Amino acid sequence: MRFVLPLTLRLGLCALSPALLSPAEAQSAAALARVDAAQMGIPAAREKAYPGSDLTVRQTLRAGSNYQRYVVSYQSDGLRINALLTVPRGTPPQGGWPAVVFNHGYVPPNVYRTTERYVAYQDAFARAGFVTLKSDYRGHGSSQGEALGGYYAPGYTDDVMNALGSLKKDPRVNAARIGMWGHSMGGFLSLRAMVLDRSVKAGVIWAGVVGDYDQLMNEWRSPVPASIPRSVLNLRKVAVEKYGTPKANPEFWNTLSATSYLRDLGGPLQLHIGTADEDVPVAFHTSLAARLKAIGKPVQSYVYPGDNHNLSRNLNTALARSVAFFRANL
């Protein structure tokens with residue numbers, strides 16, 4: 001039997017023995033070596049440009065009830081990122097259609113498919129007359145790049161911001177009427193995007209990972225999905241070794257937390273979570289709602305007794321509330 005070292009150990013040995021790594025592992029090791037948690041800082045992110053690009057149609061899909069569906073791609077940090085685009089049929093309102101950047105939660109990148117998961121969610125907004133764009137973050141499906149996670153590497157944030165940039169320049173879209181919808185990790189990304197760009201008019205977050213980094217490290221006790229590579233999980237360990245814990249170095253970690261910049265939000269938020277959520281603590285939701293209320297920012301909070309991470313028992317109610325919120329605020 002051939003004994004194979006775990007990937008994390010092989011990554012640690014790569015400087016001495018590059019031959020131990022496969023080409024794919026060597027590429028991952030190189031990408032990980034370039035990651036510094038400081039790149040996640042909101043001030044650092046504000047120094048970057050997120051122009052996006054034209055949306056290039058890769059595949060025309062079967063149409064929805066009153067909208068067209070496409071697999072498209074756009075550019076993010078020089079990478080081709082795929083996405084599922086929906087466009088209402090008919091005559092657009094003056095200035096173009098309102099739009100929603102649709103940010104999905106964690107799905108194992110190697111099994112992620114553009115046209116799977118979140119179908120009913122995206123359909124609800126598409127049928128209501130919104131352009132929607134659901135990005136396949138880098139390393140997901142056929143998108144280029146490395147999937148390094150959303151919490152300690154900036155790539156997924158960059159992809160969301162460039163999706164926003166791509167919608168702003170699309171002639172079918174009213175750039176002044178764009179919102180964000182995010183679930184779980186997608187909620188984390190949505191909140192970051194909204195404090196980075198005040199032009200985002202409104203946000204809806206379901207079961208969002210929206211705590212600060214002290215909460216993420218010390219209050220998030222759900223089991224870590226087995227599909228997350230240990231090399232990605234190691235990014236947190238490396239960051240703490242370099243910068244200390246959030247309690248020991250709050251100044252640094254606060255610059256990474258979108259919750260430190262809530263005054264910069266350009267529009268209202270609507271938050272949803274179930275009390276039986278086994279993946280994300282309800283405390284993340286209630287803490288964010290309290291922080292927003294404390295600084296006078298408009299927020300709607302819905303807590304569903306006994307419901308799960310996907311709000312399965314209240315799906316139609318939560319979708320109806322979300323659609324109504326966007327109609328009122330976009």
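Coupling constants for segment 177-182 follow from the phi torsions by the Karplus curve (6.51 cos²θ - 1.76 cosθ + 1.60, θ = phi - 60°), and in residue order they are 10, 10, x, 10, 10, x Hz; glycine and proline get x.
Computed over Cα pairs, the Kirkwood radius of segment 35-329 leads via Stokes-Einstein (1.002 mPa s, 20 °C) to a diffusion coefficient of 112 µm² per second.
Ordering Met217, His285, Leu133 by Cα displacement along the dipole of the chain toward the positive end leaves Leu133 in first place; charges were set at the Cβ atoms of Lys, Arg (+1) and Asp, Glu (-1). In this label model, Thr91 and Ala320 are separated by 3.1 nm, measuring between points 7 Å along each Cα→Cβ vector. Longest segment of the chain with no chymotrypsin sites (Phe, Trp or Tyr not before Pro) in a DSSP loop having at most 16 other Cβ atoms within 10 Å? With a cap of 16 other Cβ atoms within 10 Å, the longest stretch comes to 4-219.
Against the chain, whose longest principal axis comes from its Cα atoms, helix 282-294 is set at around 60 degrees. Computed from Cα atoms, the angle from the helix 230-243 axis to the main principal axis of the chain rounds to 80 degrees. Two numbers describe the Cα atoms of segment 186-330: Rg and Dmax, which are 15.8, 46 Å. Taking the Cα centre of segment 35-329 as origin and assigning +1 to Lys and Arg Cβ atoms and -1 to Asp and Glu Cβ atoms, the resulting dipole is close to 760 debye.
Shape summary of segment 126-180, radius of gyration then Dmax from alpha carbon positions: 12.8, 35 Å. Structural descriptor for segment 35-329: relative contact order 17 percent, calculated from alpha carbon pairs under 8 angstrom and at least 6 residues apart. Taking amide H as placed 1.01 Å from N in the peptide plane, Tyr302 has its amide H under 5 Å from the amide H of Leu271, His272, Ile273, each at least 5 places away in sequence or on another chain. Counting only residues at least eight positions apart within a chain, or on another chain, the lysines with an alpha carbon under 28 Å from that of Lys201 are Lys48, Lys134, Lys168, Lys169, Lys293, Lys297.
Taking Cα atoms only, the orientation of helix 155-169 departs from the longest principal axis of the chain by about 30 degrees.
Full extension of the chain between Ile295 and Ala38 yields a length gain of 89.9 nm, computed as 0.36 nm times the residue separation minus the alpha carbon distance. Shown in residue order for segment 314-330 are the 3J(HN,Hα) couplings computed by the Karplus curve 6.51 cos²θ - 1.76 cosθ + 1.60 at θ = phi - 60°: 10, 4, 5, 5, 5, 5, 4, 5, 5, 4, 4, 5, 5, 4, 7, 10, 9 Hz (x for Gly and Pro).
Distances between placed amide hydrogens fall under 5 Å for Asn103 paired with Trp181, Gly182, His183, all partners being 5 or more residues away or on another chain.
Beta bridges from DSSP with both residues in the chain: antiparallel share about 40 percent, rounded to the nearest 5. The residue list His183, Ala44, Tyr121 was ranked by how far each Cα lies along the charge dipole of the chain toward its positive end, using unit charges on Cβ atoms, and Tyr121 comes out on top. Positive-end ranking of Asn316, Gly165, Ser65 along the dipole of the chain, with charges on Cβ about the Cα centre, is headed by Ser65. Here segment 110-198 is treated with +1 on each Lys and Arg Cβ and -1 on each Asp and Glu Cβ, and its dipole about the Cα centre works out to around 300 debye. The order of Ser312, Ser322, Ser199, going from fewest to most other C-beta atoms within 10 Å of their C-beta, is Ser312, Ser199, Ser322.
FYI, it's all coordinate maths here, none of it is from the lab. Since the structure is predicted, the reported quantities are computational estimates derived from the model, not experimental observations. Positions of Cβ are generated from backbone atoms using ideal geometry, with glycine treated the same way; all protein chains shown enter the neighbour counts.
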